Amino acid sequence: MEKKNLDWENMGFSYMQTDKRYVANYKDGKWDDGALIDDANIVMNECAGVLQYSQSVFEGLKAYTTEDGHIVTFRPDLNASRMVDSAKRLEMPPFPEERFVDAVAQVVKANAAYVPPYGSGATLYIRPYMFGINPVIGVKPADEYQFRIFTTPVGPYFKGGAKPITICVSDFDRAAPHGTGHIKAGLNYAMSLHAIVTAHANGFDENMYLDSATRTKVEETGGANFIFVTKDNKVVTPHSSTILPSITRRSIMYVAEHYLGLEVEERDVYFDEVKDFAECGLCGTAAVISPVGKVVDHGKEICFPSGMEKMGPVTQKLYDTLTGIQMGHIEAPEGWIKVIE
């Protein structure tokens, strides 16, 4: 398919409407067959459950053009299963996992002209989401839901390379024990907006959230998991029941162990030990890995030996290997890459 005439090299990370989106509706206890539609607008009642009580969950993944010209997605089955977990926590009917993966393929194929060409640095961002759509005035789950997927081409998260960022220890809590921190619900991101705006106003790029129970352990940022590298090259990531199980983080830990032969560890990471790590990064769909050069704790600076100019050497190897797998340069583990066309 001929690509759209877009300035792929200078594309930003923002929404651009594409031709098709997928929609399925849940009513009377079952999902309908679903379909691709043209209309990007949603019509709902003023009393819709999502508007009154924030019953909404979502996912995020990307489609790429590989060097040999195929359009692929990366581990969409994990997005499907994570969305099931999110839906169950908010008393929403899970969208079947096999249908999720098929719907992703349908909407990417329908918008293939918007998948950026190989080498442009851009990708097609895919946003599946689901929400309560029927009127709800009493505090209870909705009875009817809509599942949708839209796509939008986006440029590289970092233009000119990934420069290390400076983050601050947040005074706010991201998630409570036994709360919703482990699911991808819109409400988690709404409550993080004030904290990130505050961080930006104070000159920081992101927040480091500590556990709300003791405020002694590292959890995550508003939208990414942490990875750390010790001085003897062990890759460490925080373990917690209140952080989102990042698909990118899980993939990085696998790559570290099975491709690079590094020792890996998922465990409690106490803030007191952050100063002892050699490298630090934030990992997620958008940037893959964002290197962290400095953490500021109420004026006290923790500077990582990797510095503020470039990724640390281990982080760079992790980044290069994972993006190499995604782009088809490096052979992927079985099941990681789904070819769309």
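First measure r as the distance between the Cβ atoms of GLU67 and PHE172, then evaluate 1/(1 + (r/R0)^6) with R0 = 56 Å and state the FRET efficiency to the nearest 0.05.
That pair, GLU67 with PHE172, gives E of 0.85.
Under a plain spin-label model, where a point goes 7 Å from the Cα along Cα-to-Cβ, how far apart in nm are THR323 and ARG127?
Inter-label distance under the simple model: 2.4 nm.
For region 120-221, with every protein chain kept in place, what is the accessible area per residue (1.4 Å probe, Å²)?
For region 120-221, the per-residue accessible area is 41 Å².
Going through the cross-link list LYS30/LYS140; LYS62/LYS294; LYS4/LYS317; LYS184/LYS217, which pairs have a Cα-Cα distance over 23 Å in this structure?
Listed pairs above 23 Å: LYS62/LYS294; LYS4/LYS317.
So between ASP102 and GLN17, what do we pick up on full extension, going 0.36 nm a residue minus the alpha carbon distance?
Taking ASP102 through GLN17 to full extension adds about 28.5 nm, to one decimal.
Using a 7 Å offset from Cα along Cα-Cβ at TYR270, what residues in region 276-297 end up with backbone N under 13 Å from the label point?
Backbone N within reach: 276.
Using helices alone, what [θ] at 222 nm do you get for the chain, with -39,500 (n - 2.57) per DSSP H run of 4 or more residues, divided over all residues and rounded to the nearest 500?
-7000 deg cm²/dmol
Defining a contact as two alpha carbons under 8 Å apart and six or more residues distant in sequence, what relative contact order in percent does region 256-310 show?
25
Where does region 213-335 land on Rg(C-alpha)/(2.2 N^0.38 Å)?
Taking N as the residue count of region 213-335, the ratio is 1.03.
Could you please state how large a percent of the accessible area of region 117-255 is carbon and sulfur, counting protein chains only and using a 1.4 Å probe?
Answer for region 117-255 is 57 percent, counting heavy atoms of protein chains only.
Going by a ≥ b ≥ c, the root eigenvalues of the Cα gyration tensor, does region 115-174 fall in the rounded group (a/c under 1.5), the prolate group (a/b larger than b/c) or the oblate group?
oblate
Counting only residues 5 or more places away or on other chains, whose amide H sits under 5 Å from the amide H of ALA278 once H atoms are built in the peptide plane?
VAL229, THR230, LYS231
Subtract the Cα-Cα distance of SER241 and GLU301 from 0.36 nm times their separation in residues, and report this length gain in nm to one decimal.
Working it through step by step, the gained length comes to 18.8 nm.
I need the shape label for the chain. Rule: rounded when a/c is under 1.5, else prolate if a/b > b/c, else oblate, with a, b, c from the alpha carbon gyration tensor.
Oblate.
What order, most packed first, do the peptides 277-288, 307-318, 292-303, 141-152 have when packing is the mean number of other Cβ atoms within 10 Å of each residue?
Packing order, densest peptide first, comes out as 277-288, 141-152, 307-318, 292-303.
Kindly report the accessible area of region 256-303 per residue (heavy atoms of protein chains, probe 1.4 Å, no ligands, DNA or RNA), in Å².
Normalised by residue count, the accessible surface of region 256-303 is 46 Å².
If one computes the Cα centroid of region 184-235 and of region 325-340, what distance in Å separates the two points?
29
If I model a spin label as a point 7 Å beyond the Cα along the Cα-Cβ vector, how far apart are those points for ILE330 and ARG250 in nm?
Here the answer is 1.9 nm between the modelled labels.
Measure off, as a whole percent, the carbon and sulfur share of the 1.4 Å-probe accessible area of region 1-46, all protein chains present.
Carbon-and-sulfur percentage of accessible area, whole number: 44.
Can you list the residues of region 194-210 with backbone N under 16 Å from a point 7 Å past the Cα of MET308, pointing along Cα to Cβ?
Only 202-206 pass the distance filter.
The values are calculated or read from the model by the stated rules, or taken from the named source; none is laboratory data. These figures come from a predicted structure and were not determined experimentally. Cβ atoms come from the backbone with ideal geometry, glycine included; neighbour counts cover every protein chain shown. SASA here: full protein model, heavy atoms, side chains in, ligands and nucleic acids out. Shrake-Rupley method; radii C 1.70, N 1.55, O 1.52, S 1.80 Å.
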